[in-house]
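Here the structure comes first, spelled out in structure tokens, and everything after it is commentary.
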Amino acid sequence: MARVAVIGAGTMGHALALVFALGGHQVRLTDSNEATLARAQGLMEKALATLVEGGEAPADWTSAHLAQHVTRHADLAAALDGAELVVEAIIETPEAKRALFERIDALAPAEAVIASNTSHLDVFPLIPEARQARALIAHWYTPPYLVDLVDVIPGPHCEPAAFEGVMTMLRDMGKQPLGLKKFVPGYVANRIQAAIGLEVQHLLDEGVATAPEIDAAIIHGLALRLPILGVFAKADFTGLPLTQAILANKSYSPPPVRGRSDTLDRLVAEGRTGVLAGAGYYDWPSDPAALFEARDRRLIALKQAMREIGTMAGLERSE
């Protein structure tokens, strides 16, 4: 059992606190915003109840059990006291992260490992020199208590023991850590997702298809094969000569990177900002908590089905 400090109790932070608690660790959760920190307990309890009901968490894990494994602290020093692993999960701005890393340097034990959950920033230049030997990125995907992939990138001066220690911890928690050899913005999954996102926004803006139609193409076509085969194993089944021919086909040109979408800009201007607002590309019921729960239940069912079905590519291949 490790002593873990999670800094930032928002969308990812409170969920990461739950993940580490379920992984057998003692967690201290902190946030500079009192309301965010107060709300975190209810969010963790709601997610935990869904996991228990779905069979993805031990049946004896109650709210009281959670409270024994995760404590909330308004004071950063109290959260960092004795921490062996410090998880940074705050806003994605360099200035805020730099300031936080300086406070961590002043307050955390010298041997603590610092793991940033940054989605796209190269945080290593923001971390004090004295902490570089035990600094890395451990990037999770939402919701982290159901999505097992974790991108792990050692800093340029990170000691191998610190990197391997985090990789081992994550594997012991049942996660799928992907150790990258160097930092690249977006890592692997997010870069692929970004390419898909660029294409679907282009198709929507050009009037080729509607948002529900594009989603249907992904759900009923692309997504059906991805969990089983991935991309490269699927190419092997298709045949690599055909893959060569597709790459040589000059009829396809990726959409230009404009940095914006007409449709997206219009929706945001209209206040259709997503599930929390009750509308985005779709109209949603007015209870976001129920929608998140419904999403989690479907993810649980899919995860359990995939566990039963197995995959023909990647880390779970048994052949």
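The values are calculated or read from the model by the stated rules, or taken from the named source; none is laboratory data. Source: prediction; values computed, not measured. In this analysis, Cβ positions are derived from the backbone assuming ideal geometry, glycine residues included, and neighbour counts consider all displayed protein chains.
Remark: Phe232 falls outside the filter, which requires a residue to be in contact with a helix residue (DSSP H, G or I) (Cβ under 8 Å, 6 or more places away or on another chain) and touching a residue at least 12 places away in the same chain (Cβ under 8 Å).
Tell me, please, whether a residue that is touching a residue at least 60 places away in the same chain (Cβ under 8 Å), among the polar types (S, T, N, Q) and in contact with a helix residue (DSSP H, G or I) (Cβ under 9 Å, 6 or more places away or on another chain) can be found in segment 57-71. No - not one qualifying residue is present in segment 57-71.
What residue, of Leu146, Leu121, is touching a residue at least 12 places away in the same chain (Cβ under 8 Å), more than 26 Å from Lys303 (Cβ to Cβ) and buried (at least 16 other Cβ atoms within 10 Å of the Cβ)?
The unique qualifying residue is Leu121.
Contact annotation: residue pairs with Cβ atoms under 9 Å, 6 or more positions apart or on different chains, pairing a residue in segment 261-276 that is in the same structural domain as Val200 (by TED's automatic domain parsing) and closer than 19 Å to Ala194 by Cα with a partner that is surrounded by 11 or more Cβ atoms within 10 Å (Cβ to Cβ) and acidic (Asp, Glu), are Ser261/Asp205; Asp262/Asp205; Thr263/Asp205; Leu264/Asp205. Against the list (1) buried (at least 17 other Cβ atoms within 10 Å of the Cβ); (2) part of a loop (DSSP other than H, G, I, E, B); (3) free of Cβ contacts under 8 Å to residues at least 40 places away in the same chain, the condition Ala40 fails is (2).
The number of residues in segment 29-70 that are over 22 Å from the mean Cα position of the chain (by Cα) and more than 12 Å from Ala9 (Cβ to Cβ) comes to 11. Evaluation of Ser286 against the conditions (1) closer than 28 Å to Val147 by Cα; (2) among the hydroxyl-bearing types (Ser, Thr, Tyr); (3) touching a residue at least 40 places away in the same chain (Cβ under 8 Å) shows that the sole unmet condition is (3).
A residue that is among the small types (Gly, Ala, Ser), part of a loop (DSSP other than H, G, I, E, B) and either free of Cβ contacts under 8 Å to residues at least 60 places away in the same chain or not assigned by TED's automatic domain parsing to the domain that holds Arg258 (or both) cannot be found anywhere in segment 156-163. For Leu198, are the conditions met, namely being farther than 30 Å from Ala57 by Cα, within 22 Å of the chain's Cα centre (by Cα) and part of a helix (DSSP H, G or I)? For Leu198, the condition - farther than 30 Å from Ala57 by Cα, within 22 Å of the chain's Cα centre (by Cα) and part of a helix (DSSP H, G or I) - is met. For segment 232-307, the helices (runs of 4 or more DSSP H) that sit wholly inside it and include 2 or more residues that are surrounded by 13 or more Cβ atoms within 10 Å (Cβ to Cβ) are 232-238, 262-269.
Residues to consider are Ala21, Ala78, Ala99; find the one that is assigned to a helix (DSSP H, G or I), touching a strand residue (DSSP E or B) at 6+ places or on another chain (Cβ under 6 Å), modelled with pLDDT of 95 or more and of a type outside the set (Asp, Glu).
Only one candidate qualifies: Ala21.
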